[in-house]
Every structure is written in structure tokens, then in C-alpha cells.
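Student: Attaching a single structure in C-alpha cells format; questions to follow.
The values are calculated or read from the model by the stated rules, or taken from the named source; none is laboratory data. All figures in this text were calculated on a predicted structure; none of them were measured in a lab. When we count neighbours, we look across all protein chains shown, and the Cβ atoms used for this are built from the backbone with ideal geometry, even at glycine. Only protein heavy atoms, including side chains, enter the accessible area calculation; ligands, DNA and RNA are left aside. Shrake-Rupley method; radii C 1.70, N 1.55, O 1.52, S 1.80 Å.
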Amino acid sequence: MLQELTQYLMDHPVILGSLGVFVLLAVIGGWYVVAHHLHAVLVTMLCSAGFVSGILVFYRGFQADLRDLQIIGAFLIVIFPLVYHQAIHLAKIAFGGAPSPTARGHAKRAGA
């Protein structure tokens, strides 16, 4: 099957070139996100994982009629969005308090 796919891509250079451009743009976009927004991505992933685990613990406590698991799950459901909001707010202050010169230039040209 890999050989058939390779033969197909060699027979259709436009598709091969389009696939190459797509992969190149995906790599550039991935590099940009990792280089500039890694903190926000990690905070988002960790807080959403904690929120979903809270939902799972709450559901298991409800299903097994265990009051302590329900309380722990409800606590996790409430606390992780608060942690997320606070972490993003602090990151905005720490990493991006003032707009960049490029952003100010765009705003000035747009008349804002």
C-alpha cells in the first residue's frame, strides 16, 4: 500500500507539491505556537485535564453513591477553571503586559 501511495504521488506532482506546502506550513505553525505560546498551551491542557478528571470523579461518586467522591469531584470541577483563569491572567501580565510594537503599528494604521 505504501508503494502504491508513493507511485500515485510521483504520478501527480501537483498533489505532492500541495502536500509538501501543507506540511511545511504545519511545521512553521507548530514552531510558532511552541515558541510563543507554550505556557498558555500547557496551562490549558493541565487545567482541562484536571476539570475532566473532576467530572469523572464526580460521576463515579454519583454512580457508586459515595458522598466523598462527589465532594472531591465537585471541588475539582470548581477549582480548575479558577486556576486556569488566574494562570492566564498572570501570564498576560508577566509575558504580554504591553502590546508589541508590531501590534501597536497595526492598530495605528487601522485607526484604533
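Student: Would you list VAL41, VAL78 from the most to the least accessible area, probe 1.4 Å?
Tutor: The ordering from most to least exposed comes out as VAL78, VAL41.
Student: How many nm separate the modelled label positions at ALA74 and HIS39, each set 7 Å beyond the Cα in the direction of the Cβ?
Tutor: Taking the simple label geometry, ALA74 and HIS39 are separated by 3.5 nm.
Student: What distance in nm separates the simple spin-label points at ILE15 and GLN86, each placed 7 Å from Cα in the Cβ direction?
Tutor: Rounded to a tenth, the inter-label distance reads 5.4 nm.
Student: So what's segment 25-85 giving for Cα Rg divided by 2.2 N^0.38 Å, two decimals?
Tutor: 1.53
Student: Still on this structure, please answer the following. Based on the Cβ-Cβ distance from PHE22 to ALA49, what FRET efficiency comes out when R0 is 35 Å, to the nearest 0.05?
Tutor: 0.75
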